[in-house]
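Only one structure is covered here, and it is reproduced in the block below.
The values are calculated or read from the model by the stated rules, or taken from the named source; none is laboratory data. None of these values were measured; they are calculated from a predicted model. Note: ideal-geometry Cβ built from the backbone for every residue, glycine included; neighbour counts use all protein chains shown. Remember, those area values only see protein heavy atoms, side chains included, never the ligands or the DNA or RNA. Shrake-Rupley method; radii C 1.70, N 1.55, O 1.52, S 1.80 Å.
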Protein chains: 2
Amino acid sequence: MLKRERHEQIMRQINLHNRVLTTDLVDMLQVSEDTIRRDLQELSESQKLLKVHGGALSRSYQSAYDDNAIYAREAKIVIAKKTISLIKNGMVILTGGGTTIIELVKQLPVHLKATFFTISPFVAIELAKYDGIEVILIGGIFSKNSKVTFGGHVISQLAGINADLCLIGTSAIHPEYGLTDTDWEINELKKAMFQCSKHVAILCISEKLDITLRLKVAGLENIHHLITELPAEEECLREYRSRGLNIH
Amino acid sequence: MLKRERHEQIMRQINLHNRVLTTDLVDMLQVSEDTIRRDLQELSESQKLLKVHGGALSRSYQSAYDDNAIYAREAKIVIAKKTISLIKNGMVILTGGGTTIIELVKQLPVHLKATFFTISPFVAIELAKYDGIEVILIGGIFSKNSKVTFGGHVISQLAGINADLCLIGTSAIHPEYGLTDTDWEINELKKAMFQCSKHVAILCISEKLDITLRLKVAGLENIHHLITELPAEEECLREYRSRGLNIH
DNA sequence: ACACGATCTGCGTGTTTATGCGGGAATCTG
DNA sequence: CAGATTCCCGCATAAACACGCAGATCGTGT
């Protein structure tokens with residue numbers, strides 16, 4: 001068994017189960033523990049997976065609880081500040097939910113006059129602190145997981161909206177496969193949000209770049225702006241720029 | 001189960017319910033109490049959650065309302081407990097907003113199966129912590145004062161709802177003049193809510209009894225239950241009972 | 001063909017980490 | 001204040017890990 005083959009096998013397991021145990025790999029690939037350990041070491045160094053005591057985890061799947069981590073918050077504030085340059089007085093803006101969007105709302109200029117449509121109660125509550133902003137909460141079934149409203153009712157209401165800009169956080173983006181996620185209902189929702197907006201901006205911390213999940217939301221051709229905490233000229237964003245996105 | 005996985009599971013629970021019990025985690029993750037305790041210890045040290053006796057709490061959203069700042073909280077808890085006797089499995093319930101209703105939601109039985117329509121994002125967020133409850137948030141313009149959705153869009157959606165019970169807090173109630181309030185838009189909203197519900201229950205702390213404000217919402221004949229923190233036989237409730245309300 | 005270096009692999013050894021258990025302290029609840 | 005629960009501390013153990021070394025393999029240049 002060649003090293004490259006092992007690496008592929010390991011990554012296949014990671015993509016399939018989001019986790020893998022060192023001992024299982026020893027058994028599966030018929031090599032010594034040390035070899036597996038060295039493999040995981042290398043894959044970890046090249047950011048392909050997350051090495052932990054006892055095995056390894058998918059890098060995309062760790063997202064859930066990084067939200068409160070300080071470094072991620074810092075990154076999100078940077079993203080928020082960049083995003084503000086897209087927002088002008090008088091705009092009609094449609095937003096999703098998530099901590100990145102919340103952080104954006106907290107950074108908005110105090111005297112902004114705009115209309116915000118949102119599917120997230122948390123975002124609505126935060127937006128309501130600004131006098132100049134009209135907040136419209138789109139109603140529907142409230143998702144216990146994503147903490148946003150969803151379902152057919154939301155989608156049919158979206159059809160009646162014509163927004164200048166759609167701001168949305170994301171779980172995974174990839175130059176080739178575009179936006180992907182894990183929840184079918186939420187995906188349909190995002191598609192509908194994209195359709196009723198003139199421009200779409202994706203807010204995305206860098207660790208979610210170059211990752212794919214199971215379900216496709218939209219190709220990059222439907223997205224106009226990509227906003228990360230990295231400098232726009234960063235190498236790992238090159239692929240995205242060459243596909244026509246505005247990188248901030 | 002890898003340590004890191006456990007940490008993610010724990011954080012998922014925290015993000016979902018804002019709280020978690022050590023014993024539940026022991027049961028859920030199938031490890032010893034000490035291990036859970038050590039996990040919580042670590043997550044607490046890295047500021048991911050707030051460790052407390054018996055479990056842990058979310059660090060970020062310790063409820064949008066500050067528990068201790070709620071006026072007459074004890075009274076509202078009494079009201080909540082009385083109200084629960086009106087709620088049965090399978091019901092469709094429509095609620096307004098306000099701290100009294102929030103307190104009610106917090107006291108609901110864990111295994112209740114019901115459908116709740118609400119115009120308050122805060123109430124929706126609180127309701128979402130119950131697995132057995134389906135939460136539907138009615139969308140519309142978000143009022144910066146009352147923290148509920150309102151406007152024509154809300155009223156037209158209410159017309160399509162047929163609820164078993166409408167639960168609503170109040171600013172003022174009087175034996176003769178009925179329910180009164182100060183905000184015309186919110187009044188229209190409450191009228192619409194009453195119309196689409198078979199029964200209406202008013203949750204009301206005693207100091208708001210026998211008071212009138214400028215605008216009339218509804219006469220007592222439209223109300224079926226009056227719930228206060230006082231014993232039902234209290235003298236000052238006699239007038240209300242004689243007008244046909246169920247006093248709790 | 002052969003020597004050489006680079007890479008890969010497995011083994012032995014000692015270290016670190018993770019976990020469960022017991023007993024006593026601290027805290028909660030009625 | 002008394003009983004129950006929860007917490008904390010030290011210890012024991014097994015698993016996982018890091019490191020150095022040596023043998024195997026392979027490609028390359030002479």
note = The ³J(HN,Hα) series, computed from each phi in segment B:112-117 with the Karplus coefficients 6.51, -1.76 and 1.60 at θ = phi - 60°, rounded to the nearest Hz and given as x for glycine or proline, is 4, 10, 6, 10, 10, 9
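If you average 1/r over every pair of different alpha-carbon atoms in the protein assembly as shown and take one over that average, what Kirkwood value in Å do you get?
Values: mean 1/r = 0.0400 Å⁻¹.
Computed over Cα pairs of the protein assembly as shown, the Kirkwood hydrodynamic radius comes out at 25.0 Å.
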task = Mind pulling the angle between the C-alpha long axis of helix A:33-45 and the longest principal axis of chain A? Nearest 10 degrees, somewhere in 0 to 90.
result = 30 degrees
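When a/c is below 1.5 the answer is rounded, else prolate if a/b is larger than b/c, else oblate, so apply that to segment A:3-58 with a ≥ b ≥ c taken from the square roots of the Cα gyration tensor eigenvalues. Don't jump to the answer; show the numbers that get you there.
Details: a/c = 1.28, a/b = 1.21, b/c = 1.06.
Here segment A:3-58 falls in the rounded category.
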query = If you plug each phi of segment B:215-221 into the Karplus form 6.51 cos²θ - 1.76 cosθ + 1.60 with θ = phi - 60°, what whole-Hz ³J(HN,Hα) values come out, in order, with x for Gly and Pro?
reply = 10, 8, 9, 6, x, 4, 5
ask   = What's the FRET efficiency of A:Ser32 with B:Thr23 using the Cβ-Cβ distance as r and R₀ = 45 Å, to the nearest 0.05?
value = 0.65
task = Within segment A:164-218, list the chymotrypsin sites (Phe, Trp or Tyr not before Pro) lying in a DSSP loop whose Cβ has at most 16 other Cβ atoms in a 10 Å radius.
result = A:Tyr177
key: From phi via Karplus (6.51, -1.76, 1.60), per-residue ³J(HN,Hα) for segment B:184-195 in Hz, x at Gly/Pro   = 4, 4, 5, 4, 4, 4, 5, 4, 5, 5, 4, 5
request  = Treating the angle as unsigned and between 0 and 90°, give the value, to the nearest 10°, between the Cα long axis of helix B:73-84 and the longest Cα principal axis of chain B.
outcome  = 80 degrees
ask   = Where only protein heavy atoms count, and the probe is 1.4 Å, what is the accessible area per residue for the protein assembly as shown in Å²?
value = 46 Å²
remark   = Sorted largest first, the Cα spans of segment A:70-247 on the principal axes come out in Å as 40, 35, 31
note = Rounded to one decimal in Å, the inverse mean reciprocal Cα-Cα distance for segment A:1-151, i.e. its Kirkwood radius, is 18.5 Å
ask   = Which residues' amide hydrogens lie under 5 Å from the amide hydrogen of A:Asn18, considering only partners 5 or more residues apart or on another chain, with H built in the peptide plane?
value = none
Rounded to the nearest 10 Å², the accessible area of A:Ser171 at probe 1.4 Å = 40 Å²
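Within segment B:103-248, how many Lys pairs that are eight or more residues apart, or on different chains, come under 13 Å at the alpha-carbon? Working shown, then result.
Working: B:Lys106/B:Lys129; B:Lys113/B:Lys129; B:Lys190/B:Lys216; B:Lys191/B:Lys216.
So the count works out to 4.
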message = Taking every DSSP beta bridge with both residues inside the protein assembly as shown, roughly what % is antiparallel (nearest 5)?
response = 40 percent
inquiry  = Just to confirm the numbers: A:His17, label point 7 angstrom along the Cα-Cβ line, distances to the other copies in nm, shortest first?
reply    = 2.7
request  = Sort shortest first the distances from B:Gln107 to its counterpart in every other copy, using label points 7 Å along the Cα-to-beta-carbon line, and give them in nm.
outcome  = 4.3
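Would you work out the relative contact order for segment A:3-58, in percent, from Cα pairs under 8 angstrom that are 6 or more residues apart? Display every interim value, and only then the final one.
On the way: 58 pairs, mean separation 22.6, N = 56.
Taking the mean separation of contacting Cα pairs over the length of segment A:3-58, I get 40 percent.
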task = Can you list which of the GluC sites (Glu not before Pro) found in segment B:99-176 are DSSP loop residues with at most 16 other C-beta atoms within 10 Å?
result = B:Glu176
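Sorted by accessible area with a 1.4 angstrom probe, largest first, how do B:Met1, A:Met28 fall? Intermediate values should be presented prior to the final figure.
Details: B:Met1 120, A:Met28 90 Å².
So, going from the largest accessible area down, we get B:Met1, A:Met28.
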inquiry  = Measuring nothing but label to label, 7 Å from Cα along Cα→Cβ, what are B:Arg241's distances to the other copies in nm, shortest first?
reply    = 7.9
